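Chemist: Once you've had a glance at the structure underneath, I'll fire off some questions.
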Amino acid sequence: MKRWRICSAAWVGFWVLAAPGARALQPTNLRAYRQLVRLVSPQFSPDGQKIAFVTIRPDFIHNRYDTTLRVVPTTGGQVVAWVRGLQNLHMPRWAPDGHRIAFLAQVGREKPQVYDVAFAGATPHCLTHAPNGVLQFAWKPNGRTIAYVTPDNPVLSAWDRRTGHDLFSIQDDDYQATRAPVPSQIWLLTLSSGKTRPLTFGSTSVLENAPPFAGSITAPSWSANGLWLAYTQQADANDADTDRTTIVVVNVATGKVRVLTHHARYEYTPSFAPRGEAIAYLYPHGPGPVSDMDVFVTHLKGGDGRDVSADLDRDVATTYAWLPDGQGLLALADDQVGTRIYLQPLHGSGHALDLGALNPTRLAVSSQGQVAFVADTATRPPELYILRRMNSRPVILTHLNRYFAGYRYPRSVQVTWRAPDGQINDGILTYPDDYRPGHRYPLVVYSHGGPEAASTEHFDAGEIGPLRDLFAAHGFLVFEPNYRGSDNLGNDHEHAIYRDPGKGPDRDVISGIRMLERRGLVDPKRIAAVGHSYGGYMTAWLISHQHFWRCAVVADGVVDWTQEYELSGAGNLAWVRDSLGGSPWNPRSAALYIKDSPITDAGQITTPTLILSGTADITVPITESFALYHALASHHVPVKFIGIPGAYHLPQDPVQLELYYRAIENWVVRYLQRSPRAG
C-alpha cells in the first residue's frame, strides 16, 4: 500500500494548485503542525442540504484549543463560521426542524451547558442551567424536548467539606480520587416552558468514563416515536467499573427503566433505528471481551438480538450510524494499515465503501442517504468529504488545511510478515527522506497503544502524531508494527493477546525487525524503541528482554500489571483482569501479573531510556513510571524522567503536547547520532 495514491480528481486539483510552484518542498517540522485544523462531529441538517461540524485549532499564545462551529452546504461552497469564542464547543446537533443547532460549550468558569444558535453570527442562547454541568444531550424527534445527562450533587455537602467532615468510601476508583463518585442521570428539558425534571434516579449511572476495550460514551438515543430513551447504564458510579454496563430503555412518561438483554457487562453505544423499534448496540464478538466489538441489533421488546456484523471480522470500536431506511448500518473500523467505512445490512454480508486512499475518522448519514465523513491520508491533512450515493466517489467540501500543501512527505508502504509461531502481522514502513537503495539506515520502532487499536496511515491521528514524518526527515526508517492484539486483522489476531501480553507481541515485533534487516534496510547498531501507553508497555518489555537497542522512549507506559489493576481508573482494572484471565489474587492468573510485567526484569535493562508521564494520568498511573525510573537509575542506566504537570494520558494543552513530541524527537535523534533540526 502506497501512501501517495490520490483519491479523487477534486483532491488532486486542490493539492496541485496549492503546491508552491516548482521549488523544492521542505519536510514538515513541529512548528508547522501548529497550523493543523482538526475537524470533528459532522452532522447533516434534517433536509440534508447542510453539514455542521466543529473545527479545533491550537492557540499557542493562550495555550488552549479554539473551537468553532461551522456549516457548509452539501453541494459545496463557502464554509461559514456560526459560533466562535466559546470554550470547549462540541457535540453539535441540528434541531429536528432544521432551524437551529444546539451544542455543548462553556462560558468562563461555568460548567458545560447546552446552547443553541439560529444562524451565523447570532448570539448563542443557553438552554440548560444544570449546576453540575451537562455531559451529553439529545433532541426529542418532535423538537420540543431535550434529554441531557448531568451528574448528581456531591455526596458531601459544602458544610461537610468546609468543616473537614469529608472522609469518603473508596471502591473501584483510581488512586487520585478525592471524593466519593456520584452517578450521572438523565434529565428532560421542556423548551416551551424551560422546566426540567429528572428521568432516572438511584445508584446506577449513565456511562461517563472510558470503557476497558472499546465502545464509547454516548448520548441517550430517542425512539422514533419519542416515547423511549435508550442509554448505556453502568452498575454504579465507580470510575473503574465501566465494564459493568448494559443497554437499557427508559419510558419517558413513567420513568420505568427496563434492561433489554441478558448480558451483564460490556454493552455500549445504543442507537434506535430511524424508524420502528429496533435498537443497535456494541458488544464483544467473543471469546470474551478480548475480541472484536460487533454491532448487535435487538428490539424494544427485549432480548440479546443478533450479531449483524459477525461476518465482517473487523472491530467496530466506536463509530457507527443507521441507514435512513433502518435496513442497515455504516461502521468505521481499522483494516490493515487503513480505516474503512463498512456498509453492513441487517441481513447478509457487509463490504467496505470505495474511498480511494482516504482514511475516515468521523462519519454521519443524512435522511436522504448521503454520507459525510472527515478523512485524511498519511500525506494529506484532514478535510470534510461527502458521498452523494453509497457507490459514488468522495467529493471534498473543505480546504481548511491548504497550508500543508507547501511541504513534502516521506514515502511509506504496508509490510507483512509471519512470526515464528505462524502469526500473520502487518505494519507501516516509512522510508527516510534521503533514502537511497542499498544503504542501511537507523530504525525507529514505534509500538501503538491499545492494544486493541492499530497503526494506520492517518496524517496526524493516533499517538505517533507528527513523529513519523519528523523521524523520516532526520534520515530514519520508521517501523510501526501491528502486533497481535491489534484490531486491524480480524478477531483471531486481536484475541491472540489473551493471557499473552508480552511474549507473543514481542515475537511479532522482533520478527518484523528481522524481516527488515534481511531486506538490507536497517543499520542493526542504530535501532530505537518508542511507544505510548500499551506501546510504552511493549517498549519496556522489548528493552528488558533484548539488548541491541540504541535508545528507548516509554511514554505513559504500563510496567506493572498489579499497579495497573490496583490504582488505575477509566476501565483499566477490568482490562487487566479480563486480559490476563483473573485478578492478581486468582491462582490462575497471579503468576502472569509478575512474569509479564516489565518491572520484574527491569534490572536487565541496559538501554538509555526516556520516560514521560502525566502527573494526573489515571489510565496508567505515574507511580509505574517512578518504579521504572528508579530501577534504571539504581543500575546506572542513562535515564531521564519527564513529568507533565496536570496531564492525563497525553498532554491536553498544545504547548505541552509540542514539548512532549520535541522531547521524544530530541532523545531519539541524540542516540541515533543525528542533530535535531531547527523548527
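Chemist: What does the charge count around Thr190 come to, taking other residues whose C-beta lies under 11 Å from its C-beta (Lys +1, Arg +1, Asp -1, Glu -1)?
Modeler: +4
Chemist: Return the FRET efficiency for the residue pair Phe201, Gln546: r is the Cβ-Cβ distance, R0 is 60 Å, and the value is rounded to the nearest 0.05. Walk me through the numbers before you get to the answer.
Modeler: Details: r = 55 Å, r/R0 = 0.92.
After rounding, the FRET efficiency stands at 0.60.
Chemist: At what distance in angstrom do the alpha carbon centres of segment 421-463 and segment 371-403 lie from each other?
Modeler: Between the Cα centre of segment 421-463 and that of segment 371-403, the gap is 24 Å.
Chemist: Quick check for me: using +1 on Lys/Arg Cβ and -1 on Asp/Glu Cβ, what's the dipole size of segment 393-452 about its Cα centre, in debye to the nearest 20?
Modeler: The calculation lands at about 340 debye.
Chemist: Here is a further query. Mind putting a number on the dipole of segment 188-294 about its Cα centre? Charges go on the C-beta only, +1 for Lys and Arg and -1 for Asp and Glu, and I need it in Debye to the nearest 20.
Modeler: 560 debye
Chemist: Mind checking which of Gly305, Ser192, Val40 is farthest towards the positive end of the chain's charge dipole, using Cβ charges of +1 (Lys, Arg) and -1 (Asp, Glu) about the Cα centre?
Modeler: Going by the charge dipole, the pick is Val40.
Chemist: In addition: Excluding residues fewer than 8 places away in the same chain, name every one of the aspartates and glutamates whose C-alpha is closer than 16 Å to that of Lys525.
Modeler: Within reach: Glu517.
Chemist: Okay, next question. Please compute the net charge surrounding Leu659, taking Lys and Arg as +1 and Asp and Glu as -1 over other residues with Cβ under 12 Å from its Cβ.
Modeler: Working: positive: Arg662; negative: Asp653, Glu658, Glu665.
For residues surrounding Leu659, the net value is -2.
Chemist: Fully extended, how many nm does the chain gain between Gln414 and Arg31 (0.36 nm per residue separation, minus their Cα-Cα distance)?
Modeler: 135.1 nm
Chemist: Next question. Using 29 Å as the Cα-Cα cut-off, could you pick out the over-long pairs in Lys50/Lys301; Lys50/Lys256; Lys503/Lys640; Lys50/Lys195?
Modeler: Going by Cα-Cα distance, Lys50/Lys301; Lys50/Lys256; Lys50/Lys195 fall outside the 29 Å limit.
Chemist: Right, next: What spacing in nm lies between the two simple spin-label points modelled at Tyr175 and Arg161, each 7 Å away from Cα in the Cβ direction?
Modeler: 2.5 nm
Chemist: Starting from the 7 Å offset along Cα-to-Cβ, what nm value, one decimal, do you get for the label separation of Ser634 and His439?
Modeler: Each label point lies 7 Å from its Cα, and together they span 4.4 nm.
Chemist: Charges at C-beta only: +1 for Lys and Arg, -1 for Asp and Glu. How large is the resulting dipole of the chain about its Cα centre, in Debye rounded to 20?
Modeler: Roughly 2100 debye for the chain.
Chemist: Further, regarding this structure: Order of Ser367, Ser447 from fewest to most other C-beta atoms within 10 Å?
Modeler: Result, fewest neighbours first: Ser367, Ser447.
Chemist: Identify the residues of segment 60-91 with backbone N under 20 Å of a label point that sits 7 angstrom from the Cα of Cys126 along the Cα-to-Cβ direction, or state none.
Modeler: Inside the label zone: 67-69, 83-91.
Computed from the coordinates by the stated procedures, all read-outs in this text should not be read as laboratory data. All of these numbers come straight from a predicted model, not from anything done at the bench. Every residue, glycine among them, receives a Cβ derived from its backbone with ideal geometry; neighbour counts consider all protein chains shown.
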